[in-house]
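Asker: Submitted below is the structure of interest, expressed as structure tokens.
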Amino acid sequence: MLQPKVTAVLFEGGQAKTELDRIITGIRKEVVLDTLEKILLCRSISEVVLATNYPDLADRARRMGVSVDLEGPDAPKFHFGRRLREIIVKRGIENVLYMGGVAAPLLTSEDFGQIAMALKRERNVVIMNNVQSADLVAFTPARAIDEIELPDKDNPLGILLRDIGMRRVLIPNSGRVNFDLDTPTDILILGNHPDCGPRTKAIIDSLDWPRDNIQRAFEVLRQPSKEVAVIGRVGPSVIHYINANMVHRMRVFSEERGMKALGREERGEVVSLLGFMIRDLGAPKFFQYLSSVCDVAFIDTRVVFGHLRKRLSDWDRFHSDLGNYRLIEDEWTRDFTKAAREAPIPVVLGGHSLVAAGLWLMAEMIVKEREASGYRRNTFVLSPD
């Protein structure tokens with residue numbers, strides 16, 4: 001028997017402090033609107049709610065037919081868990097599909113429909129897009145949120161619900177399921193994707209951000225039999241996809257997966273072998289060695305920053321991702337970024353999404369380019385069925 005009414009709840013908000021923040025905020029708003037449009041097409045989702053503190057985004061969402069829960073300027077300090085519970089209780093939500101506003105911007109209307117139908121069929125279930133640090137969490141009954149310690153951010157929500165006995169269901173793994181929009185690097189990758197939403201595509205195309213590094217990385221991946229380094233919170237799925245569809249040699253070092261969801265970053269417990277190496281060798285020598293063993297490198301720098309106890313501003317982290325080292329205020333991060341930018345190989349810097357899904361999407365795009373030119377892969381993975 002199908003359970004009634006699934007409500008999708010998207011959160012998007014914040015306070016832009018710098019010009020770079022304002023640019024990224026503008027991009028995120030367009031992503032949210034593209035995502036809302038896809039969810040509104042799902043007949044199995046009865047209501048779509050946007051929780052935000054942006055009046056302009058709220059107005060545009062309302063005109064699309066979205067219910068808006070707008071926080072005013074006098075609202076108490078934002079706490080994720082309390083805010084989500086407030087919306088669930090106030091609106092009497094029975095089955096909830098929660099996601100961050102820019103989580104999984106490449107999910108389709110069909111994807112959202114499948115998640116909603118699973119909620120209608122099941123009880124006491126939590127559906128997640130990531131086993132350790134989910135930013136899309138659908139669960140039923142929605143009032144199960146009363147049984148957990150309310151988290152201040154969304155990453156541990158799925159784990160907390162599972163810990164009270166709810167059955168965990170993972171969304172079938174793919175690049176688009178794991179891809180999140182956390183950093184400028186993610187934005188540039190999304191702008192290259194053929195399924196990027198129309199509003200999002202238009203605003204990304206208008207940016208004057210440097211793109212040469214990411215394009216150089218694409219060109220290396222398009223060539224056969226290259227040495228590809230992937231470092232940071234790397235999941236096995238992206239490596240499995242590349243191994244099954246491409247002929248590159250992968251040099252992979254995965255560490256500190258779940259460091260946010262498990263609270264390790266917040267408690268200052270992050271430990272990174274890469275961080276030790278960079279600290280002892282110095283960034284120029286490290287990138288010299290790295291360039292001698294690979295043709296392109298993708299690095300999740302947040303693990304290194306956590307290891308070195310760097311509490312960097314968004315300004316510094318994001319300009320590091322873009323390679324704009326002259327604009328970085330923290331001296332160590334400026335020198336590190338300069339060394340990465342001047343390495344003989346393209347070194348792509350970013351966060352978790354880069355090495356968990358961004359690289360996966362880049363590989364998928366290249367595989368589709370080859371198939372469009374007439375190439376047909378002859379490697380398949382046997383189905384367990």
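The values are calculated or read from the model by the stated rules, or taken from the named source; none is laboratory data. What you are looking at is a predicted structure, and each value in this text was computed from that prediction instead of being measured. As a convention, Cβ positions derive from the backbone with ideal geometry for all residues, glycine included, and neighbour counts pool all protein chains shown.
Asker: For E342, all conditions in the list (1) surrounded by fewer than 17 Cβ atoms within 10 Å (Cβ to Cβ); (2) over 23 Å from the mean Cα position of the chain (by Cα); (3) more than 25 Å from I187 (Cα to Cα) hold save one; what is the number of the exception?
Answerer: Condition (3) is where E342 drops out.
Asker: How do the pairs read when you match residues in segment 266-282 that are of a type outside the set (D, E, K, R) with residues anywhere that are exposed (fewer than 13 other Cβ atoms within 10 Å of the Cβ) and not in a loop (DSSP other than H, G, I, E, B), using Cβ under 8 Å and keeping only pairs 6 or more apart or on different chains?
Answerer: Pairs that qualify, where the first residue is of a type outside the set (D, E, K, R) and the partner is exposed (fewer than 13 other Cβ atoms within 10 Å of the Cβ) and not in a loop (DSSP other than H, G, I, E, B), are L281/Y289.
Asker: Still on this structure, I have one more. With the condition kept exactly as written, say whether any residue in segment 163-178 is surrounded by 23 or more Cβ atoms within 10 Å (Cβ to Cβ), out of contact with any Phe, Trp or Tyr (no Cβ under 6 Å at 6 or more places or on another chain) and in a loop (DSSP other than H, G, I, E, B).
Answerer: For segment 163-178, residues surrounded by 23 or more Cβ atoms within 10 Å (Cβ to Cβ), out of contact with any Phe, Trp or Tyr (no Cβ under 6 Å at 6 or more places or on another chain) and in a loop (DSSP other than H, G, I, E, B): absent.
Asker: Quick one: would you say K338 is of a type in the set (D, E, K, R) and under 23 Å from L20 (Cα atoms)?
Answerer: Yes, satisfied.
Asker: If I filter segment 303-320 for residues that are of a type in the set (A, V, I, L, M) and either outside any helix (DSSP H, G or I) or under 19 Å from R216 (Cβ atoms) (or both), do I get at least one hit?
Answerer: First, the residues of segment 303-320 that are of a type in the set (A, V, I, L, M): 303-304, 308, 312.
Subsequent filtering for residues that are either outside any helix (DSSP H, G or I) or under 19 Å from R216 (Cβ atoms) (or both) retains 308, 312.
Checking segment 303-320: at least one residue is of a type in the set (A, V, I, L, M) and either outside any helix (DSSP H, G or I) or under 19 Å from R216 (Cβ atoms) (or both).
Asker: For segment 304-345, name all the residues that are among the aliphatic types (A, V, I, L, M) and either within 23 Å of S292 (Cα to Cα) or in contact (Cβ under 8 Å) with a residue 60 or more places away in the chain (or both).
Answerer: Across segment 304-345, the qualifying residues are V304, L322, A339, A340, A343, I345.
Asker: Regarding F276, is this residue outside the structural domain of I23 (by TED's automatic domain parsing) and outside any helix (DSSP H, G or I)?
Answerer: No, not satisfied.
Asker: Something else now. Please state which of the following conditions I159 fails to meet, knowing it meets all the rest: (1) within 14 Å of A356 (Cα to Cα); (2) at pLDDT below 95.
Answerer: Result: I159 fails condition (1) only.
Asker: Looking at segment 204-254, which of its residues are among the small types (G, A, S), within 18 Å of P344 (Cβ to Cβ) and not in a strand (DSSP E or B)?
Answerer: Our first condition is that a residue be among the small types (G, A, S); within segment 204-254, this holds for 206, 217, 225, 229, 232, 235, 237, 244, 254.
From what's left, within 18 Å of P344 (Cβ to Cβ): 217, 229.
The answer is A217, and nothing else.
Asker: Something else: Suppose we filter P194, P224, P198 for residues that are without any contact (Cβ under 8 Å) to a residue 40 or more places away in the chain and surrounded by fewer than 14 Cβ atoms within 10 Å (Cβ to Cβ); which single one remains?
Answerer: Unique residue meeting the criteria: P224.
Asker: Next question. Look through G72, G100, G81 and report the one residue that is among the small types (G, A, S), more than 21 Å from T25 (Cβ to Cβ) and either surrounded by fewer than 16 Cβ atoms within 10 Å (Cβ to Cβ) or in the same structural domain as A51 (by TED's automatic domain parsing) (or both).
Answerer: Result: G81 is the single residue among G72, G100, G81 that is among the small types (G, A, S), more than 21 Å from T25 (Cβ to Cβ) and either surrounded by fewer than 16 Cβ atoms within 10 Å (Cβ to Cβ) or in the same structural domain as A51 (by TED's automatic domain parsing) (or both).
Asker: With respect to the numbered conditions (1) in contact with an Asp or Glu (Cβ under 6 Å, 6 or more places away or on another chain); (2) under 24 Å from K260 (Cα atoms), which one is the sole condition not fulfilled by D295?
Answerer: (2)
Asker: Quick one: count up the residues across segment 6-52 that are among the β-branched types (V, I, T), in contact (Cβ under 8 Å) with a residue 40 or more places away in the chain and over 24 Å from R143 (Cα atoms).
Answerer: 7
Asker: Just one of (1) at positive phi; (2) under 17 Å from the mean Cα position of the chain (by Cα) trips up N124, so point out which.
Answerer: (2)
Asker: Evaluate the following for D205: is it more than 25 Å from L188 (Cβ to Cβ), acidic (D, E), modelled with pLDDT of 95 or more and assigned by TED's automatic domain parsing to the domain that holds M365?
Answerer: No: the conditions fail for D205.
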